[in-house]
Amino acid sequence: MERIGSIWTMIVRYLLLVMFGGVIVWACNSAGISVYADDGETPDGAELIRFDFHKSVNQEVGIPAGIPGFFTYFYEGKEYHYGFRFDRNGTGPETEKFGTAYVWAPYTVIYYDAAGGEIENYGTATAGGRRLFATRGNGEELEAGQNKGKNKRKFAADYTVYGQSLRLSEGCMPTAVKDGYRFEGWYAWTDAGVVQEKELAELAKQEQYGTLEDELNEKYTEQTKLLENRESERYPASSITLYAKWDKIWE
């Protein structure tokens with residue numbers, strides 16, 4: 001009887017060890033990065049790149065949004081819900097300080113045209129004439145044909161999550177300067193909410209900056225979502241060009 005009792009004691013200890021070990025493994029895995037999008041679904045045919053979000057600095061999905069974070073984007077008319085948890089383990093290069101999450105999503109390219117002026121500070125953008133890389137992700141090259149061959153002092157390019165704001169991807173807009181003028185910000189021309197890209201591009205090509213500036217009526221900031229139609233999130237822009245607007249300094 002004593003031998004049988006000792007066997008049962010060993011079995012109970014083994015089961016407790018297995019259960020306790022499982023709890024530890026589960027806890028460690030739960031503390032790591034957990035990324036999902038519509039139960040793993042991503043847009044067919046879309047080029048996905050990695051975005052790195054930091055809990056302590058991201059104004060869209062960090063504090064005060066907390067854990068888990070989430071955002072929504074549309075691709076070809078379909079809505080995708082993207083959720084994630086910030087890594088609490090310190091396994092990444094910056095997680096100990098920030099709490100990092102890596103998410104994969106399609107992207108929008110933002111082009112900047114100084115419209116008669118020059119870029120003063122690039123923020124997170126890349127200078128014109130240079131290739132565009134996912135510098136806030138895994139460093140892969142992005143498709144940004146309009147940025148190639150452009151004057152580096154007059155043009156720049158950046159990127160963010162498809163149709164979303166620069167603030168979501170922790171981006172910062174450039175600033176520009178022009179003699180005798182005060183920089184008012186980055187603008188586009190919209191008609192009934194729809195961004196008029198081709199018309200402004202032609203005016204910029206002909207350097208008709210006065211006429212171009214008269215048409216600029218929608219200001220963009222880091223908080224503005226990048227849409228083809230400003231009135232509906234269902235129409236994200238795969239790329240968009242923003243132009244510097246100026247205020248004459250009168251002496």
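The values are calculated or read from the model by the stated rules, or taken from the named source; none is laboratory data. Just so it is clear, the structure is predicted and the values come from calculations on it, not from any experiment. Quick reminder, even Gly has a Cβ in these numbers, built from the backbone with ideal geometry, and neighbours come from all protein chains shown. The protein model used for the area step is the full one, side chains on, heavy atoms only, and it has no ligands, DNA or RNA in it. Shrake-Rupley method; radii C 1.70, N 1.55, O 1.52, S 1.80 Å.
Taking the accessible area of region 105-246, probe 1.4 Å, and keeping the other protein chains in place, the carbon and sulfur fraction comes to 41%.
Take the alpha carbon gyration tensor of region 105-246, find the square roots of its eigenvalues, order them as a ≥ b ≥ c, and report rounded if a/c is under 1.5; if not, report prolate when a/b exceeds b/c, else oblate. The partial results should precede the final answer.
On the way: a/c = 1.62, a/b = 1.15, b/c = 1.40.
In terms of gyration-tensor shape, oblate.
Proximity of backbone amide H atoms, modeled 1.01 Å from N, is registered between Tyr107 and Tyr162 at under 5 Å, excluding neighbours fewer than 5 places apart on the same chain. Counting only protein chain heavy atoms and rolling a 1.4 Å probe, the accessible areas of Ser238, Ser232 rank, largest first, as Ser238, Ser232. For region 214-251 versus region 158-209, the spacing of their alpha-carbon centroids is 5 Å.
Given their separation in residues at 0.36 nm each and the Cα-Cα distance between them, Lys205 and Arg234 gain 7.4 nm when the chain is fully extended.
For Trp189, the amide hydrogen comes within under 5 Å of the amide hydrogens of Gln196, Asn217, counting only partners 5 or more places away or on other chains and with H modelled in the peptide plane.
Excluding ligands, DNA and RNA, the accessible surface per residue across region 119-251 is 52 Å² with a 1.4 Å probe.
Electrostatic tally near Ala204: other residues with Cβ closer than 12 Å to its Cβ, Lys and Arg +1, Asp and Glu -1, net -3.
The loop-placed GluC sites (Glu not before Pro) in region 127-207, going by DSSP, that have at most 16 neighbouring Cβ atoms within 10 Å of their Cβ come out as Glu140, Glu143, Glu207. Between the beta carbons of Ala192 and Asp44, assuming R0 = 45 Å, the FRET efficiency works out to 0.90 to the nearest 0.05. Separation of the alpha carbons by more than 30 angstrom is noted, of Lys55/Lys150; Lys148/Lys245; Lys225/Lys245; Lys205/Lys248, for Lys55/Lys150.
Phi angles across region 141-154 convert, under the Karplus curve 6.51 cos²θ - 1.76 cosθ + 1.60 with θ = phi - 60°, into 3J(HN,Hα) values of 6, 9, 7, 8, x, 5, 8, 7, x, 7, 4, 5, 8, 10 Hz, Gly and Pro given as x. With θ taken as phi - 60° and the Karplus curve 6.51 cos²θ - 1.76 cosθ + 1.60 applied, the whole-hertz 3J(HN,Hα) list for region 121-127 is 9, 7, x, 9, 6, 9, 4 Hz, x standing for glycine and proline.
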